[in-house]
Each structure stands twice: as C-alpha cells, then as structure tokens.
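The values are calculated or read from the model by the stated rules, or taken from the named source; none is laboratory data. What you are looking at is a predicted structure, and each value in this text was computed from that prediction instead of being measured. FYI the Cβ positions are ideal-geometry reconstructions off the backbone, even for glycines, and counts take in every protein chain you see. When the accessible area is computed, the model is the full protein with side chains, heavy atoms only, and any ligands, DNA or RNA have been set aside. Shrake-Rupley method; radii C 1.70, N 1.55, O 1.52, S 1.80 Å.
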Amino acid sequence: MPELTPFHLAIPVHDLAAARAFYGGLLGCREGRSADDWVDFDFFGHQLVCHAVAGSGSGPPAHNPVDGHDVPVPHFGMVLEMPDWEALAKQLKSAGVAFVIEPTIRFKGRPGEQATMFLTDPSGNALEFKAFRDIAGQLFEK
C-alpha cells in the first residue's frame, strides 16, 4: 500500500479529563497541543482533536446490521496490523473495557475477512479497531 498522509478528525467530548484518560491513558495516544476546551492526540499517527462540547454524547445511537452485529453509526477507528490488533484487544480486555462488539472475526472465510472490535469513549463516541491478515490485499476486497 502507498504511504498515506495523516487524517484530521475533530470529535465532541463532554469531559476533557475523561478524554485524556481514555485516549492518552488507555489507548496510549500521545497528547499534542491543547487549550481550555480542546486537546490534540496522536491517534496512531493521525490527528484526533477532542473538543469539549456541552451535551455531546446525548441522543440515541444509530446502528446498522453488519454480519450479525449491530454496528454503531457513526464510528471511526484504525486498521491495524494483526499482531497490533491482538495486543490492543488483550490490553482492552485486561483493562475491563465494556465492548459494544467484543473482539471477533467478521466475514469468516469470505472476502474482507477481518478482526474487529467496537467500544465507546467516555463521551459515547464509537470506535472500531480492525485488522486483516493481508491489509493490502483484503482492505477493499469485494
């Protein structure tokens, strides 16, 4: 795969201290610049900005059925190498994280077979972490 440039994503959070504990503490994302109402994180080489917004995380989440699971929409996350995904799944389980969708293999034996897991941050933002045995060959496989 060609090297990609980092993406920038800004999300609403209701508590910056909780966001720092989740993204910085639990996920190990290095903190960058910040102000009283926002903080940048190095989210696996990408720029994630958490903005304190009153009322964020309110309202019922939407879901879409995918391979027998109710996938939260919207969501964001990372495609990891399989060993990194396995290590993160183990770390999150050890930390007692409540998963929206437990670590599992989706589309078993079919094109696009992938390891996936879903969780939410303290503000209710849904994250997906996934991995493929061969990212370049499987990421967009039909």
### Message
If I go through the range 126-138 residue by residue, how many of them are in contact with a helix residue (DSSP H, G or I) (Cβ under 7 Å, 6 or more places away or on another chain) and surrounded by fewer than 16 Cβ atoms within 10 Å (Cβ to Cβ)?
### Response
1
### Task
Kindly indicate whether any position in the range 57-67 is within 14 Å of Met117 (Cα to Cα) and not hydroxyl-bearing (Ser, Thr, Tyr).
yes
### Message
Cβ-Cβ under 8 Å, sequence separation 6+ or interchain: first residue in the range 126-137 and acidic (Asp, Glu), partner open to solvent by less than 40 Å² (accessible area, probe 1.4 Å). Which pairs?
### Response
Glu128/Val71; Glu128/Phe76; Glu128/Gly77; Glu128/Thr116; Glu128/Met117; Glu128/Phe118
### Message
One residue is enough: does the range 14-30 have a residue meeting the conditions at negative phi, open to solvent by 30 Å² or more (accessible area, probe 1.4 Å), in contact (Cβ under 8 Å) with a residue 12 or more places away in the chain and assigned to a loop (DSSP other than H, G, I, E, B)?
### Response
yes
### Query
Among Phe118, Phe76, Phe107, which is the only one that is under 21 Å from Ile135 (Cα atoms), open to solvent by 20 Å² or more (accessible area, probe 1.4 Å) and at pLDDT 95 or above?
Phe76
### Query
Just checking, which of Phe41, Phe118 is of a type outside the set (A, V, I, L, M), touching a helix residue (DSSP H, G or I) at 6+ places or on another chain (Cβ under 8 Å) and assigned to a strand (DSSP E or B)?
Phe41
### Residue that is open to solvent by 60 Å² or more (accessible area, probe 1.4 Å), among the acidic types (Asp, Glu) and assigned to a loop (DSSP other than H, G, I, E, B), where the choices are Glu86, Glu141, Glu102
Glu141
### Message
I want to confirm something. Restricting to the range 54-73 and keeping residues that are at pLDDT below 90 and open to solvent by 90 Å² or more (accessible area, probe 1.4 Å), which single residue is farthest from Ala19 (Cα to Cα)?
### Response
Pro65
